[in-house]
Amino acid sequence: TWRVSQAKQETFFLPDNNAAKLYFTDTLLPPQLLSYVDEIRQNGTIPGISIGVVRLGENKEPIIQLASSGRKTEEGNGHDLTPDTLFCLASCSKAFLATSVGLLMEDYATAKNVTPLPSGLTRFDWDTKVIDIVPKELQWGLHDIGGDDWATRKASIADILGHVSGLPRHDHSYRPSDALEDIVRRMRLLRTSYELREKFSYNNQLYMLGAYLVSHYANTSYPDFVEDRLFRPLGMRSSTFSYSVANTSGLLTDSWAGFGRRIPFWLDDSVREFKAGAGGVISSAEDMVKWLAVLLNGGQDPATNKTVIPKNVFDAVTTSRWIVSGKPAGPLRDSIAGYGMGWMRSNYGDVEVVEHTGGNPGFSALVAFLPKHNLGVVILSNADEKAPWNFKIFTRILDDVLGTRMSKTLVESSDAEVDQLTVTSYKSPSLKLEDYTGLYTAPGYLPIRLCSTSIYSKDCRDIISDFATLHNASTLESTLYAAFPNVWASHVRLDHFSGDVFNITFTALFPNGYGQNTTAFETAETGESEGWVEFKMTQGEVEGFSLVIDHAAYESRTRKIGSELIETGDAWFAKA
C-alpha cells in the first residue's frame, strides 16, 4: 500500500487482484464498479480505461475518486494503466478552445490585451462577425464559400463555435503539411449545405479557425495560450498538446483501433498546431478532475478561490444556444439537446448533464459535469469507437452516486429495432473498370489518381501491391484504389455498388502491420470516412465524380438545387 500527499488531498492506492484498481480521496464509488469496468473493457475490446469522478465538499474542497483498468502499453503486463496515464481527448478539447476564445475576449474588455483589432472593429465578443475579425490577408478565404457570401451571411464567433455556420464537415480536405492559415484560406473552396443558423452541423475546421484567432490576437501559439491560462493555473501538470512531450514523459498510453489492432498516435506533432483547437489536448483522468472541479465551481478554482474562467465566459460556453436534437433521443435523454460552445446540454430524466464526447483513431473520451447534482465525470479509453461503452460506464456511475437506474434502462432498451437498409436492384457499370481510372481534382481537396489492376504505372503497381496484402485477386480486379495521404487516411478504396455508383472508404493502410503484429490491416472511422461517389458520363466518357460523405448535407443540397451531380456532392472531382 502506498500513498501520495497532494496539496490538501490524500490519494491512496489499494492493491486489488482484479485488473481494475481504485484510487481515492473519498468513497464516491463502490468497489463493485471495478468489476463492472473490467467487464466493459473485456466485452468492448478495450485495452485500457481510466476514470475520474469529482464532487465538491461543503467547503468546496474537491472530493476525488480515480479508477483504472487494463493495458497502457503493448509491452506491459496488461495491468499497467494508471489514472495519470495520458490519452488524447479528441473533441473534448473543444471546450478548452471555446473557453480560450472567451478569455481572449475578456482580455480585450479589460484592456489586458491591446493588440490592434482590424480597422473599424471596436470590440471583440461572441457577436463579432468572423469576416470582421479575421485579418485582411486571410479574409478572402472566407468570401464566397461554396458560392455563398459569408460577408453578407454574417456568421459570428458564436455561430462558428456553435456549429451553425452552414459549413458541414470536410475533414478529408486538410493534410499534415497544413498550417492554420492554409485551413482558413481553403475554406472558400469548400461547399456549404445550409443557411446560417438553419441547422446544427458539426465542423472541425471552424474550431481550427478559432485557434487561429487566439494565436493571432494573443501573440502566442494557441497551445501556449492554453497551457499558460488553463493548464498551469489548474495544476494540470501532465496535460499538453505535444505528442513528443507526452511520449517522453513515459505517461502516454499506446492506442488501438476499435477492432483490436495497435495503431500509432494519430495526431502527432506534424499536425499539432492546426488540430490543437479541434481535438489536440492530451490529458489524464488525474488532470481532468481538476478541470471538472473548476467547472463545478462556476469557473473558480476551489483549491485557491481564484477565478480561472470568468463567469460571463463560463455562462457563454456552457449555455445552449443552438438545438442539436429538437426532440428527446434514445432511451435516456428526456429533453431536447442543445449546444453551447464546446459543450452539449440535455437532461437524462431529471438529471441535467453538460457533456462532450471525443473520438479519433486510437481514443474515445467522455467528459461531463452535472451542475445541479455536483458531479463531474471523465472516462478515457485507449481504443477508438468506444463511445457506447464509455456511456455505459457513465450511466453506471450516475446510478452508484445519484441512485438513478439509468444503466438498467439502457440495458432494457438494447433490443430496440434497427432500421434496415433498402436493397436496390443491381446494375453493371457503364464502362470497363479501367475506364474509370485516371486523375481527378476538386477544389480544396488533394487530387485522387484512381488505379485498377489493369494500369501498369509504377505508382499504381505500388498501390495495388499494398492492397494485395489484404484483398484477394477477385476483389482487386473489381475495385478502384488510390493513394490519398491526408490527416485521417493514406488511401481511398472504391467498391462497386450499382451502375456508376461506388462505395468509397478513406482508409489508413498498414501493409506491414504495426507494433508487435506485422500482419497487414487497414482502419477507417465508421461514418466519417465512408460514403459514396457517383460518376457522371458525357458521350460515353467519364466527366468526373460527385463525392458524398455527409449524407444530410447532400440531402439538403438536393432539396435546394435539384439532383445535378456536379452541384450536390460534398465535392466535385473533375477528370483531368
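The values are calculated or read from the model by the stated rules, or taken from the named source; none is laboratory data. Owing to the predicted nature of the structure, the values given are computational and were not obtained by experimental measurement. Neighbour counts run over all protein chains shown; Cβ positions are idealised from the backbone, glycine included. Areas reflect the complete protein model, heavy atoms only, side chains present, ligands, DNA and RNA absent. Shrake-Rupley method; radii C 1.70, N 1.55, O 1.52, S 1.80 Å.
Mind checking which residues of segment 202-230 are open to solvent by 10 Å² or more (accessible area, probe 1.4 Å) and either small (Gly, Ala, Ser) or in a strand (DSSP E or B) (or both)? If the condition is that a residue be open to solvent by 10 Å² or more (accessible area, probe 1.4 Å) and either small (Gly, Ala, Ser) or in a strand (DSSP E or B) (or both), then SER215, ALA218, SER221 are the ones that fit. Answer yes if at least one residue in segment 345-365 is open to solvent by 10 Å² or more (accessible area, probe 1.4 Å), of a type in the set (A, V, I, L, M), in the same structural domain as ILE51 (by the TED database) and touching a residue at least 24 places away in the same chain (Cβ under 8 Å), and no otherwise. Among the residues of segment 345-365, not one is open to solvent by 10 Å² or more (accessible area, probe 1.4 Å), of a type in the set (A, V, I, L, M), in the same structural domain as ILE51 (by the TED database) and touching a residue at least 24 places away in the same chain (Cβ under 8 Å), which makes the answer no. Would you call SER244 within 25 Å of PRO361 (Cα to Cα), touching a residue at least 60 places away in the same chain (Cβ under 8 Å) and part of a helix (DSSP H, G or I)? No: the conditions fail for SER244.
Residues in segment 304-350 that are of a type in the set (Lys, Arg) and farther than 16 Å from PHE200 by Cα: LYS306, LYS311, ARG333.
Out of segment 500-520, which residues are open to solvent by less than 10 Å² (accessible area, probe 1.4 Å) and either in contact (Cβ under 8 Å) with a residue 24 or more places away in the chain or in contact with a Cys (Cβ under 7 Å, 6 or more places away or on another chain) (or both)? Those that are open to solvent by less than 10 Å² (accessible area, probe 1.4 Å) and either in contact (Cβ under 8 Å) with a residue 24 or more places away in the chain or in contact with a Cys (Cβ under 7 Å, 6 or more places away or on another chain) (or both): PHE502, ILE504, PHE506, ALA508. I need every pair where a residue in segment 449-463 that is among the β-branched types (Val, Ile, Thr) has its Cβ under 8 Å from the Cβ of a residue that is in a helix (DSSP H, G or I), sequence separation at least 6 or different chains. These pairs meet every condition: THR453/ILE464; THR453/LEU476; THR453/GLU477; ILE455/GLU434. Comparison of ASP80, ASP84 shows that the only residue that is surrounded by fewer than 24 Cβ atoms within 10 Å (Cβ to Cβ) and either basic (Lys, Arg) or under 23 Å from the mean Cα position of the chain (by Cα) (or both) is ASP84.
Table: residues versus (1) more than 21 Å from ARG405 (Cα to Cα); (2) open to solvent by 60 Å² or more (accessible area, probe 1.4 Å).
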residue: ASN305; (1), (2): yes, yes
residue: PHE314; (1), (2): yes, no
residue: ARG321; (1), (2): yes, yes
residue: LEU332; (1), (2): no, no
residue: TRP343; (1), (2): yes, no
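On the stretch given as segment 231-267, residues that are crowded, with 21+ Cβ neighbours inside 10 Å and more than 18 Å from LEU380 (Cβ to Cβ) total 0. Scanning segment 320-335 for residues that are over 16 Å from ILE64 (Cβ atoms) and among the β-branched types (Val, Ile, Thr) turns up at least one hit. Can you tell me which residue in segment 268-296 is surrounded by the most Cβ atoms within 10 Å (Cβ to Cβ), limited to those that are out of contact with any strand residue (DSSP E or B) (no Cβ under 6 Å at 6 or more places or on another chain) and outside any helix (DSSP H, G or I)? By that ranking, first place goes to VAL281. Regarding segment 119-136, can at least one residue be identified that is open to solvent by 10 Å² or more (accessible area, probe 1.4 Å), of a type in the set (D, E, K, R) and at pLDDT 95 or above? The answer is yes; a qualifying residue exists. The set of residues from segment 423-464 being open to solvent by less than 70 Å² (accessible area, probe 1.4 Å) and among the hydroxyl-bearing types (Ser, Thr, Tyr) comprises TYR436, THR437, TYR440, THR441, TYR445, SER452, THR453, SER454, SER457.
Here's the yes/no breakdown for (1) modelled with pLDDT under 90; (2) open to solvent by less than 20 Å² (accessible area, probe 1.4 Å); (3) part of a loop (DSSP other than H, G, I, E, B); (4) not assigned by the TED database to the domain that holds LEU446:
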site	(1), (2), (3), (4)
HIS163	no, yes, yes, yes
PRO168	yes, yes, yes, yes
HIS172	no, yes, no, yes
VAL184	yes, yes, no, yes
ARG188	yes, no, no, yes
TYR194	yes, yes, yes, yes
PHE200	no, no, yes, yes
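Screening GLU528 on (1) in contact with a Lys or Arg (Cβ under 8 Å, 6 or more places away or on another chain); (2) at pLDDT 95 or above shows it passes everything except condition (2).
Of the candidates LEU251, LEU213, LEU234, LEU209, the single residue that is touching a strand residue (DSSP E or B) at 6+ places or on another chain (Cβ under 7 Å) and at negative phi is LEU251.
Only one entry in VAL492, VAL533 is open to solvent by less than 30 Å² (accessible area, probe 1.4 Å) and closer than 30 Å to ASP254 by Cβ, namely VAL492.
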